[in-house]
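Visitor: Supplied in structure tokens, the structure appears directly below.
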2 protein chains.
Amino acid sequence: QTVCSLKPKVYDYEERAKLCTNSVTRRLLEIMGEKRSNLALSADVTTSQELLQLVDKVGPHVCIVKTHIDILEDFTQETVTKLSQLAARHNFLIFEDRKFADIGNTVLHQFGGGMYNISSWAHIINAHGVPGPGVVHGLREVGASKGCGCLLIAEMSSAGNLATGDYTTATVSMAEANKDFVIGFISVNNLTSDPTFIHMTPGVQLTAGQDSLGQQYLTPSEVITNRGSDIIIVGRGIYEAKDPVEAAKQFQLAGYDAFVARLTEFMTS
Amino acid sequence: QTVCSLKPKVYDYEERAKLCTNSVTRRLLEIMGEKRSNLALSADVTTSQELLQLVDKVGPHVCIVKTHIDILEDFTQETVTKLSQLAARHNFLIFEDRKFADIGNTVLHQFGGGMYNISSWAHIINAHGVPGPGVVHGLREVGASKGCGCLLIAEMSSAGNLATGDYTTATVSMAEANKDFVIGFISVNNLTSDPTFIHMTPGVQLTAGQDSLGQQYLTPSEVITNRGSDIIIVGRGIYEAKDPVEAAKQFQLAGYDAFVARLTEFMTS
């Protein structure tokens, strides 16, 4: 194969895993290859039972389960213990979508303490770049030694969001300056040709559209094939479906097909 | 008094309270006038006992107690019940500094549900503008009927933060478009001449400086007299002081003197 295009190289997941020194990124890419899944479930349900039942059913089809632990009405330590057991059984990583967004000294306590003790069970967390690099430094003080990886929110999927232009550029720079701990981005586009950064895109449905509070939806093929993101994050498209397992299978297939299409396009370009 | 300056009018607290239709803003300004305090305590301790003891001692000197409820290791419903009792006894408002920063459908659940059920006890909350107006609309669905007010984080005190320029301008516009629910700003400058918006400034110490994770400190007179903010938010300057009550009294006096200086400067200009 002769590469004569200026497009950045597209790697398959196993090949790309070998380029990564960060253990979370490597593990994630290995899972994506093993399970043929670039699907993250956004498990936005509000009781522990719903969460664990949903994750047990859908777990085989996803590489990541994304939580909002602070919307559970009945959180106990047992909830995350069981969730971690499901992660081991079904081979996925847990991503707590906390969107840390405070100064370093505060996020350090929010991540490493409190009732949720997120640093004891989440493989992946995320943060907004708006507080400046201190937010990353504070989270790293807690998370780096625990093998936790952090995504920076460089773009958002919601209408009228301010994560654009210079804001996005500054966030990407913050990630590049902290590559030991920042493993990639929440974004709606591919933002760097560095294959060791992972891009995850929320707001994915099988048809484009918008909810009543400004969330905007893109399709798996738009996100993965056209925009070059790595992972589709799907919430309501799965947990509000009549048959969540069937829906998850559809998204898994759509996401993986979209990746194969991108890979094929690159190989033949 | 003839106003011949172009500076916006400076009101005393009681006079300004009468201009406000929002009940939270009016109540806050009344408290500030009654207690002669523009001091908010940032009560960043990690156990309920420390929190309640600190607040009981310092409560008489502050107009607001600001919490990070998610850093408490031993939160129970009783913690916020007792905190609310202290708020009534000492005449202050409770501001949960959650920095909501997600899409509308998510913050709606984070604010109105979960273990903390923030909407049941916080008089004031805050949000980043980065997700776009949906974040305000989602919070309003829960908070407006409960008489809760929201601050938007238009500027931050941390080094290298991205809440500047167009980002700040867009956040101010978002506030102006949602005046029924947004009561003002977290900022390090006065951002509007509208007297019904409150400005609160974190990162205040009696001497300027910086912590090891990028927090930058300004003095009460810089914040209130020179920059025209309304409220100084003080954390470590009080709860890490040898005598927190004595420290609170100092900040109360420094903050109020700084306000009187601004008022006097306006009256005589």
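The values are calculated or read from the model by the stated rules, or taken from the named source; none is laboratory data. Note that the coordinates shown come from a computational prediction; the quantities given were computed from them, not determined experimentally. Cβ coordinates were reconstructed from backbone atoms using ideal geometry, including for glycine residues, and neighbour counts include every protein chain displayed. Heads up: the accessible areas ignore ligands, DNA and RNA and are worked out on the full protein's heavy atoms, side chains in. Shrake-Rupley method; radii C 1.70, N 1.55, O 1.52, S 1.80 Å.
Visitor: What is the list of residues in segment B:59-74 whose amide nitrogen lies under 12 Å from a point 7 angstrom out from the Cα of B:Lys82, following Cα to Cβ?
Guide: The answer is B:74.
Visitor: OK, next. For A:Glu73, tell me the accessible area in Å² from a 1.4 Å probe, rounded to the nearest 10.
Guide: Here the accessible area works out near 110 Å².
Visitor: Something else now. Take A:Lys66, B:Lys9, A:Lys18, A:Lys146 and sort them by solvent-accessible surface of the protein heavy atoms, 1.4 Å probe, largest at the top.
Guide: On the way: A:Lys66 10, B:Lys9 90, A:Lys18 165, A:Lys146 115 Å².
Of A:Lys66, B:Lys9, A:Lys18, A:Lys146, the descending order of accessible area is A:Lys18, A:Lys146, B:Lys9, A:Lys66.
Visitor: Give or take rounding to whole Å, what are the principal axis extents of the alpha carbon atoms in the protein assembly as shown, in descending order?
Guide: Principal-axis extents of the protein assembly as shown (Cα, largest first): 81, 48, 40 Å.
Visitor: Suppose every Lys and Arg Cβ carries +1 and every Asp and Glu Cβ carries -1, with no other charges. What dipole size does segment B:69-145 come out with about its Cα centre, to the nearest 20 debye?
Guide: Values: 5 positive and 8 negative charges, 55 e Å.
Rounded to the nearest 20 debye, it is 260 debye.
Visitor: While we're looking at this one, here's another question. How high is the relative contact order of chain A, in percent, counting Cα pairs under 8 Å that sit 6 or more residues apart? Numbers along the way, then the final one.
Guide: Details: 521 pairs, mean separation 52.0, N = 269.
The value is 19 percent.
Visitor: Only Lys, Arg, Asp and Glu count, each charged at its Cβ (+1, +1, -1, -1), so figure out the dipole size of chain A about its Cα centre, rounded to 20 debye.
Guide: Values: 22 positive and 29 negative charges, 117 e Å.
So the magnitude is around 560 debye.
Visitor: Which entries of B:Lys18/B:Lys66; A:Lys35/A:Lys146; B:Lys146/B:Lys179 have Cα-Cα distances beyond 19 Å here? Intermediate results must be reported in sequence, preceding the final value.
Guide: Working: B:Lys18/B:Lys66 24 Å; A:Lys35/A:Lys146 25 Å; B:Lys146/B:Lys179 16 Å.
From B:Lys18/B:Lys66; A:Lys35/A:Lys146; B:Lys146/B:Lys179, over 19 Å: B:Lys18/B:Lys66; A:Lys35/A:Lys146.
Visitor: Once Rh is set to the Kirkwood radius over Cα pairs, what Stokes-Einstein translational diffusion coefficient, in µm²/s, holds for chain B at a temperature of 37 °C and a viscosity of 0.692 mPa s?
Guide: Values: Rh = 18.6 Å.
Once the numbers are plugged in, D ends up at 177 µm²/s.
Visitor: Checking the a/c ratio against 1.5 first, then a/b against b/c, what shape does the Cα gyration tensor give for segment B:1-144? Mind dumping the intermediate values first?
Guide: Values: a/c = 2.33, a/b = 1.26, b/c = 1.85.
Cα axes put segment B:1-144 in the oblate bin.
Visitor: Continuing with this model, one more query. Dipole size in debye (nearest 20) for segment B:22-160 around its Cα centre, Lys and Arg Cβ +1, Asp and Glu Cβ -1?
Guide: Working: 12 positive and 14 negative charges, 108 e Å.
The dipole magnitude comes to about 520 debye.
Visitor: Tell me the carbon and sulfur percent of the accessible area for segment A:1-108, rounded to whole percent, probe radius 1.4 Å.
Guide: Details: 2180 of 4370 Å².
Carbon and sulfur atoms account for 50 percent of the accessible area of segment A:1-108.
Visitor: Give the accessible area for A:Ser221 in Å² (nearest 10); use a 1.4 Å probe, count only protein heavy atoms, and leave out ligands, DNA and RNA.
Guide: 60 Å²
Visitor: Still on this model: Sorting B:Met115, A:Met32 by accessible area (1.4 Å probe), largest first, what list results? Please list the in-between numbers first.
Guide: Numbers: B:Met115 50, A:Met32 0 Å².
Order by accessible area, largest first: B:Met115, A:Met32.
Visitor: Still on this model: I need the shape label for segment A:199-269. Rule: rounded when a/c is under 1.5, else prolate if a/b > b/c, else oblate, with a, b, c from the alpha carbon gyration tensor. Each step should come with its number before you reach the end.
Guide: Details: a/c = 2.81, a/b = 1.57, b/c = 1.79.
Note, shape of segment A:199-269 comes out oblate.
Visitor: Please work out the ratio of the alpha-carbon Rg of segment B:6-81 to 2.2 N^0.38 Å and round it to two decimals. All intermediate terms of the calculation are to be shown ahead of the outcome.
Guide: Numbers: Rg = 15.6 Å, N = 76, 2.2 N^0.38 = 11.4 Å.
It is 1.36.
Visitor: Please compute the average number of Cβ atoms from other chains found within 10 Å of each residue's Cβ in peptide B:170-182. Before the final figure, lay out the partial values.
Guide: On the way: counts 4, 1, 0, 1, 2, 0, 0, 0, 0, 0, 0, 0, 0.
Across B:170-182, the average partner-chain Cβ count within 10 Å equals 1.
Visitor: From Cα pairs below 8 angstrom and at least 6 apart in sequence, can you work out the relative contact order of segment B:112-193, rounded to a whole percent?
Guide: Values: 103 pairs, mean separation 25.0, N = 82.
Worked out over segment B:112-193, it gives 31 percent.
Visitor: Follow-up question, since we're still on this one. Give the A-B buried accessible area in Å², both sides summed, 1.4 Å probe, nearest 100. Mind dumping the intermediate values first?
Guide: Numbers: alone 11800 and 11800 Å², together 19890 Å².
Approximately 3700 Å², summed over both chains.
Visitor: Just to confirm the numbers: A:Gly165, label point 7 angstrom along the Cα-Cβ line, distances to the other copies in nm, shortest first?
Guide: 0.7
Visitor: Between segment A:16-31 and segment B:1-74, what is the separation of their alpha carbon centroids in Å?
Guide: Cα centres, segment A:16-31 to segment B:1-74: 49 Å.
Visitor: I'd like the residues of segment A:101-124 whose 1.4 Å-probe accessible area shrinks by no less than 10 Å² going from the isolated chain to the full set of protein chains.
Guide: A:Ala101, A:Asp102, A:Ile103, A:Gly104, A:Asn105, A:Thr106, A:His109, A:Gln110, A:Gly114, A:Met115, A:Tyr116
Visitor: Let me ask you something else. Ordered shortest first, which distances in nm separate the 7 Å Cα→C-beta label point of B:Lys82 from those of the other copies?
Guide: From this label point to the equivalent ones elsewhere in the assembly: 3.1 nm.
Visitor: Next up: How far is A:Lys7 from itself in the other copies, in nm, if each label sits 7 Å out from Cα along the Cα-Cβ line, shortest first?
Guide: 6.1
Visitor: Please name whichever of B:Ser119, B:Thr207, A:Phe111 sits farthest to the positive end of the charge dipole of the protein assembly as shown, dipole taken about the Cα centre and charges placed at Cβ: Lys and Arg +1, Asp and Glu -1.
Guide: The residue sitting most towards the positive pole is B:Thr207.
Visitor: Ok, one more. Any chance you could check the Cα centroid distance between segment B:91-158 and segment B:240-260 for me, in angstrom?
Guide: Result: 28 Å between the Cα centres.
Visitor: Continuing with this model, one more query. Percent of accessible area on segment B:159-258 owned by carbon and sulfur, 1.4 Å probe? Don't jump to the answer; show the numbers that get you there.
Guide: Numbers: 1840 of 3850 Å².
Whole-percent figure for carbon plus sulfur exposure: 48.
Visitor: Also: Under 5 Å between amide H atoms, partner at least 5 residues away or on a different chain: which partners does B:Ser42 have, H built in plane at 1.01 Å?
Guide: B:Lys66, B:Val234, B:Gly235
Visitor: Hey, can you find the accessible area per residue of segment A:1-81 for me, probe 1.4 Å, expressed in square angstrom? Could the numbers behind the result be given before it?
Guide: Values: 3630 Å² over 81 residues.
Roughly 45 Å² per residue, with all protein chains present.
Visitor: Let me ask something else. Tell me, which residues of segment A:50-79 get at least 20 Å² less accessible area when the other protein chains come in, versus the chain alone (1.4 Å probe)?
Guide: Checking the loss per residue gives A:His68, A:Asp70, A:Ile71, A:Glu73, A:Phe75.
Visitor: Given the rotation relating B and A, tell me which residue in B puts its Cβ closest to the axis and the distance in Å.
Guide: Here the value is B:Ala101, 2.
Visitor: State, as an integer percentage, the relative contact order of segment B:121-269 based on alpha-carbon contacts under 8 Å between residues 6 or more apart.
Guide: On the way: 235 pairs, mean separation 25.3, N = 149.
In percent, rounded to a whole number, it is 17.
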